[in-house]
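Peer 1: The structure is given below, and queries will be raised subsequently.
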Amino acid sequence: MRYRTNRRRFLLSSAWAGIGIWTAGARIGRARSPNERLNLGIIGAAARGAANMAGLRSENFVAFCDVDERHLAVAEKYPGSRRYVDWRAMLDQPNIDAVVVSTTDHTHAMISIRAMRAGKHVYCEKPVAISVEEARRVRDAYLQSKVATQHGTQVHAATSFRRSAELIQQGAIGPVREAHVWCTRTGGGWDRPQGDAPVPESLHWDLWLGPAPHRPYNPAYVPGCGKWNKYWDFGAGTLGDMGSHLIDFPYTALKLTLPTTIAAEGSPRSDETYPAWLKARWEHPASGARPAVQVFWYDGIQRPPAPAAVNVDDWHGILYVGQEKMLWVNYGGYALLPVDDPGTFQPPKPDVPPADNMQGHYDEWITACKTGSPTSCNFDYVGRLIEHNMLGIVAFRTGKPITWDAENMRAVGCPEADQYFRRTYRDGWPLEA
């Protein structure tokens, strides 16, 4: 990329605007009154579970599940609610309308699929899957169900997300051929922890492992240590985690589907963990009026090429490169570049009224559960987004670029990639019961 711009820092725009929703509508078997409260089951009651409960506080909490019994003390605030340590038992509780999945990443797909099969609406933390096959199976289960789903990518409802996508689609920077996404989080490249440690009395370790291979308990695996989702057994590293939030920006703005070619590189590969840093590139064919576009990912110590006005040392960001201008965006704001060349583009008024804040992401799902209205991060859209991200990990672990045959879910001429498209589950823990 070639840029000419001065080194002056630019001011972030704080203008608020809405954006259209590109999604299939939610489906529901029985319409409910918008005033009728949902009965929610909370699976994973601490950390993200507590945050999600705050966003859904308008509804009834009738059941709580957590593999650490200390976290079930929250049930004391809700008389009549039931407690579980095994989410499979919770799904049999008949008065639960919907579940909120805030567990470790390696159980997201399994819980979400079985909840949808049981006819329960699902709100699931990101990422909803940590393999290509899981992403496909989650999407298939949603398309066959009559439930409302929402992915825990709350920034999808933020000002910067909605307005930047609207600007891209209105032609503010001309046709876009590149989108660069970065996150400075580091981690990975470790060996498997050695030895074992006493399992905390409150923790049901076998249930925490769930479908993952058996491992002796070690504090390095437990959420809160900052490492657990870097292990392939339990997560998909920075790309799987933060890619769900950040690649969501160009995926929506550019109306992407699935890529045709994927390449990736990183620090030395390990069978145990995500690398200390990773770079990936996805090539998307032209679609309608949109030209072919490449999406780039950088994490750890890697940074994208960018004009001096963009602080690539900020912990995250997205830079769209258009034929006429560029657009920088992050959680806090956005700016057209170069700032000293306003050009002739005059942004029209927003297409739709915005939500007032990220609470709208929860409210959207609640309304969908009750009325069948659409959600912007349903599992049809999200299944494709997560499959896209997981293909970057497959290319890295395979060690060579792959050409993606999406219809047959295979890498053309690269059978060694097959082992990374899917996970092996422990006996007694099939992906779908």
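Peer 1: In the stretch 371-392, how many residues are of a type outside the set (S, T, N, Q), open to solvent by 10 Å² or more (accessible area, probe 1.4 Å) and either over 16 Å from T260 (Cβ atoms) or free of Cβ contacts under 8 Å to residues at least 60 places away in the same chain (or both)?
Peer 2: Residues meeting the conditions: 4.
Peer 1: How many residues does the stretch 202-221 hold that are in contact (Cβ under 8 Å) with a residue 12 or more places away in the chain, open to solvent by 10 Å² or more (accessible area, probe 1.4 Å) and either of a type outside the set (S, T, Y) or under 23 Å from N330 (Cα atoms) (or both)?
Peer 2: Final tally of qualifying residues: 12.
Peer 1: Further question on the same structure: When the residues of the stretch 177-191 are filtered to those that are in a strand (DSSP E or B) and either free of Cβ contacts under 8 Å to residues at least 40 places away in the same chain or open to solvent by 10 Å² or more (accessible area, probe 1.4 Å) (or both), which remaining residue is farthest from V329 (Cα to Cα)?
Peer 2: Ranking the qualifying residues of the stretch 177-191, first place goes to R177.
Peer 1: Hey, among V99, V74, which residue is among the hydrophobic types (A, V, I, L, M, F, W, C), within 28 Å of V222 (Cβ to Cβ) and assigned to a helix (DSSP H, G or I)?
Peer 2: V74
Peer 1: Please enumerate the residues belonging to the stretch 130-171 that are assigned to a loop (DSSP other than H, G, I, E, B), touching a Ser or Thr at 6+ places or on another chain (Cβ under 9 Å) and among the hydrophobic types (A, V, I, L, M, F, W, C).
Peer 2: Result: A148, single match.
Peer 1: Can I ask one more? Scan the stretch 50-67 and tell me whether some residue there is more than 21 Å from P211 (Cα to Cα), out of contact with any strand residue (DSSP E or B) (no Cβ under 8 Å at 6 or more places or on another chain) and of a type in the set (S, T, N, Q).
Peer 2: Among the residues of the stretch 50-67, at least one is more than 21 Å from P211 (Cα to Cα), out of contact with any strand residue (DSSP E or B) (no Cβ under 8 Å at 6 or more places or on another chain) and of a type in the set (S, T, N, Q), which makes the answer yes.
Peer 1: If I filter the stretch 378-400 for residues that are assigned to a loop (DSSP other than H, G, I, E, B), out of contact with any Leu (no Cβ under 7 Å at 6 or more places or on another chain) and over 18 Å from L143 (Cα atoms), do I get at least one hit?
Peer 2: For the stretch 378-400, residues assigned to a loop (DSSP other than H, G, I, E, B), out of contact with any Leu (no Cβ under 7 Å at 6 or more places or on another chain) and over 18 Å from L143 (Cα atoms): present.
Peer 1: Look through A98, A89 and report the one residue that is in contact with a Cys (Cβ under 9 Å, 6 or more places away or on another chain), open to solvent by 20 Å² or more (accessible area, probe 1.4 Å) and modelled with pLDDT of 95 or more.
Peer 2: Being in contact with a Cys (Cβ under 9 Å, 6 or more places away or on another chain), open to solvent by 20 Å² or more (accessible area, probe 1.4 Å) and modelled with pLDDT of 95 or more holds for just one of A98, A89, which is A89.
Peer 1: Another question, if that's okay. Do you know which residues across the stretch 45-54 are surrounded by fewer than 19 Cβ atoms within 10 Å (Cβ to Cβ) and of a type outside the set (A, V, I, L, M, F, W, C)?
Peer 2: Answer for the stretch 45-54, where residues must be surrounded by fewer than 19 Cβ atoms within 10 Å (Cβ to Cβ) and of a type outside the set (A, V, I, L, M, F, W, C): just R48.
The values are calculated or read from the model by the stated rules, or taken from the named source; none is laboratory data. Here the structure is a predicted model, which means the values were calculated and not measured. In this analysis, Cβ positions are derived from the backbone assuming ideal geometry, glycine residues included, and neighbour counts consider all displayed protein chains. With ligands, DNA and RNA removed, areas are computed over all heavy atoms of the protein, side chains included. Shrake-Rupley method; radii C 1.70, N 1.55, O 1.52, S 1.80 Å.
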